[in-house]
Amino acid sequence: MRKYTLQVCPDAEHASRAAAEVVVAVAREAIADRDRFTLVLSGGSTPRRLYQILAEPPLRDQVNWSKVEFFWGDERPVPPTSPDSNFRMAREALLGPLGIADAQIHRLPAERANLDAAAQEYQMEIARVLDTSFLSEPPQFDLVLLGVGPDGHTVSLFPATPALKETHQWVVRNPVLKLRSDRLTMTPMLLNRAACIVFLVTGYEKADILTEILEGPIDTQRLPAQIVRPPKGRVQWFLDEAAASKLRRK
Ligand code: 6PG
């Protein structure tokens, strides 16, 4: 039996709001306990509305944003000003409107010519901010936001790509042949140390792959989102009815 909770909402707006409320609740608890909240943002288009909801009343007033450290789960090999940049989307929808200080923003530098070096550098940044050493166990993020692509990928863990089998590095350059490009991505071992994972998936085009991921046999090479199973963390799925429309169990 897989350990996750699943909430099906009438539409993307409600699902985004429900996920945002979990982000706020976990943030408030982390800040109350440890005076800090470490958050990994997801990319693509789905989370834009979630970010906007976090950056507007009432939720924006419920978190001490100066205590939040922002990271990214993956990034495309484009400049931070590119319309394809996950960083740019988050800056427009969340970081800018909240006035987040640069020191709290830990961008994945995927525009670099040498992505292996960029991955190593990001690992050191994670170790520095989360106050651990790369020689020890991967650090635990308080919350990781994730989406799912129509092919079952999450962050830039695409089907049958090398990063799925990475067991030492926390962040790697991942060659994605079908995109004819390399991506920077957090690895399963880092994601699976998280205390809380929130998947936000909406839209009818995700219904088939979601049914395979949540109700089909485990096949992480073909369905990378299935690799996200934090042994000590909780996984919460927020779907709209369209994305959940083919699930047998709701
Ligand atoms: C990326 C994301 C990726 C995303 C899925 C879903 O860089 O593209 O990190 O994993 O979450 O592709 O994307 P949409 O939300 O656009 O469907």
Task: Calculated SAXS-style log₁₀ I(q)/I(0) at q = 0.14, 0.17 Å⁻¹ - the range 87-232, Debye, Cα scatterers - done: -0.73, -1.08
- [ ] Please report how far the C-alpha centroid of the range 157-213 lies from that of the range 80-149, rounded to the nearest whole angstrom.
- [x] 15
Task: Two-decimal Rg to Rh for the range 92-140 - Kirkwood Rh, Cα set - done: 1.05
Task: Order by protection proxy (mean Cβ within 10 Å, highest first), peptides 18-25, 130-137, 216-223, 52-59 - done: 18-25, 52-59, 216-223, 130-137
TODO: Find out how many positive minus negative residues lie around Leu95, taking Lys and Arg as positive, Asp and Glu as negative, among other residues whose Cβ is under 11 Å from that of Leu95.
DONE: +1
Open item on the list: Compute for the range 34-147: radius of gyration divided by Kirkwood radius, i.e. Rg/Rh, restricted to C-alpha atoms, rounded to two decimals.
Closed with: 0.96
Open item on the list: Below 14 angstrom from the Cβ of Pro139, what's the summed charge of the other residues (Lys, Arg +1; Asp, Glu -1)?
Closed with: 0
Open item on the list: Test of understanding: in a Gaussian network model of the chain with alpha carbons linked when under 10 Å, which of Gly203, Gly99, Gly152 would top the mean-square fluctuation ranking?
Closed with: Gly99
- [ ] Any chance you could get the radius of gyration and Dmax over the Cα atoms of the range 146-250, in Å?
- [x] 13.4, 38
Task: Nearest-10 value in Å² for the accessible area of Met186, using the 1.4 Å probe - done: 0
Open item on the list: For a 32 Å ceiling on Cα separation, which of these pairs sit above it: Lys3/Lys165; Lys67/Lys178; Lys3/Lys206?
Closed with: Lys67/Lys178
Open item on the list: Please report the antiparallel percentage of the DSSP beta bridges confined to the chain, to the nearest 5.
Closed with: 30
- [ ] Determine the calculated [θ] at 222 nm for the chain from helices alone, applying -39500 (n - 2.57) to every DSSP H run no shorter than 4 residues and normalising by the residue count; nearest 500 deg cm²/dmol.
- [x] -7500 deg cm²/dmol
- [ ] Determine the sum of side-chain charges near Ala15: Lys and Arg each +1, Asp and Glu each -1, restricted to other residues whose C-beta is under 10 angstrom from that of Ala15.
- [x] -2
Open item on the list: Please list 3J(HN,Hα) in residue order for the range 170-175, calculated via the Karplus relation 6.51 cos²θ - 1.76 cosθ + 1.60 where θ = phi - 60°; whole Hz, with x for glycine and proline.
Closed with: 8, 9, 9, 7, 10, x
Task: Thr5/Ile218 FRET efficiency (R0 25 Å; Cβ-Cβ; nearest 0.05) - done: 0.85
Task: Where only alpha carbons of the chain are counted, the Rg and the Dmax (Å) - done: 16.8, 46
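The values are calculated or read from the model by the stated rules, or taken from the named source; none is laboratory data. As the structure is a computational prediction, the values presented were derived from the model and not from experiment. Backbone-built Cβ (ideal geometry, glycine too); neighbour counts: all protein chains shown. Quick note on the areas: whole protein, heavy atoms, side chains included, nothing else; ligands and nucleic acids left out. Shrake-Rupley method; radii C 1.70, N 1.55, O 1.52, S 1.80 Å.
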